[in-house]
Amino acid sequence: MRYKKSEISVGHIVEGAMRVLARQGYAHSSLMDIANEVGMSKGAVHYHFPTKEALMGQVLETACNAVAERTRKAWKEGGDPIMALRSALHELWQVRAELSNEARVVSDLLAQSLHDETLRAPLASYYRLASSQVEEHLRVNAEALGLRPKVSPKIIPRLMDALLDGLLMQRIVDPEAVKDEDVMQVLETLAGSLFDIVPPVIPTTPTTPTTPATTVTPAAPATRTGKPG
């Protein structure tokens, strides 16, 4: 039986894979598990994704876009630039702290990649995409606030991801050690330390050269000649 390679079928498989991986972990999941989850044959899943590794690239891209969408919404609903930045930082942590399927999958694959080199390329693509999305919003809001980064803007999202992903792993193994309020305080302090305030440029009004005033010397009284009459 042939299956049409449509976006709907691919999306259905990716969503099912996300659920299976979040529930069972990469090491304990197979293409057959995913096929059963979405009600397809293993051959149908193979038609779209020949290997489990090929599927991981699409799963990670979907996870990245889901996180980005939540963060993008937080940027827009934040109001002024300061609140937008604060809302986005909060959302970047919450999407991890609540252990969404996306967060579970990324954390699991990150740990697996230590010994499974086939996962490193899709994870690298995931972090490149995630970093570019955060960098774009940071740039816009920093400019609105008159802030200039002290380091390369490209490294700031990487630093945030490294901090948040590391804290999530510690939160998983020791929940009481990582409190939400502490994370937010650190994020806001760190974000503030990475930027300088750029003084506003006050436009100067060009001055019109003035013409020196002309001094008028009063005329001397006329001298009368001849004898008085």
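Relative contact order for segment 75-200: what is it in percent, counting Cα pairs under 8 Å that are at least 6 residues apart?
31 percent
Within 10 Å, Cβ to Cβ, of G25, how many net charges do the neighbouring residues add up to if Lys/Arg are +1 and Asp/Glu are -1?
Residues near G25 contribute +1 overall.
Across segment 1-110, how many lysine pairs, 8 or more apart or on two chains, come within less than 25 Å at their alpha-carbon atoms?
Final tally of qualifying lysine pairs is 5.
Give me S113, S41 sorted ascending by neighbouring Cβ count inside 10 Å, so fewest comes first.
Ascending number of Cβ neighbours within 10 Å: S41, S113.
Can you give me the P(r) profile for segment 84-168? Cα pairs, bins 10 angstrom wide beginning at 0, each as a whole percent.
Percent of Cα pairs in each bin: 15, 46, 29, 9, 1.
Hey, could you grab the Kirkwood Rh for segment 1-131? Inverse mean 1/r over distinct alpha carbon pairs, Å, one decimal.
It works out to 15.7 Å.
With a ≥ b ≥ c the root eigenvalues of the C-alpha gyration tensor of segment 53-197, is it rounded (a/c under 1.5), prolate (a/b larger than b/c) or oblate?
Because a/c hits 1.5 or more and a/b exceeds b/c, segment 53-197 counts as prolate.
Please report the relative contact order for segment 69-131, taking Cα pairs under 8 Å with a sequence separation of at least 6, and give it as a percent rounded to a whole number.
18 percent
Restricting to DSSP loop positions (anything but H, G, I, E, B) with no more than 12 other Cβ atoms inside 10 Å of their own Cβ, which GluC sites (Glu not before Pro) remain in segment 77-127?
E98
Summing +1 for each Lys or Arg and -1 for each Asp or Glu, what net charge is found among the other residues whose Cβ lies under 13 Å from the Cβ of E37?
It works out to a net charge of +1.
Just so you know, all these numbers are worked out from the coordinates, no wet-lab data involved. Bear in mind that the values here come from a model prediction, so they are computed numbers and not experimental data. Backbone-built Cβ (ideal geometry, glycine too); neighbour counts: all protein chains shown.
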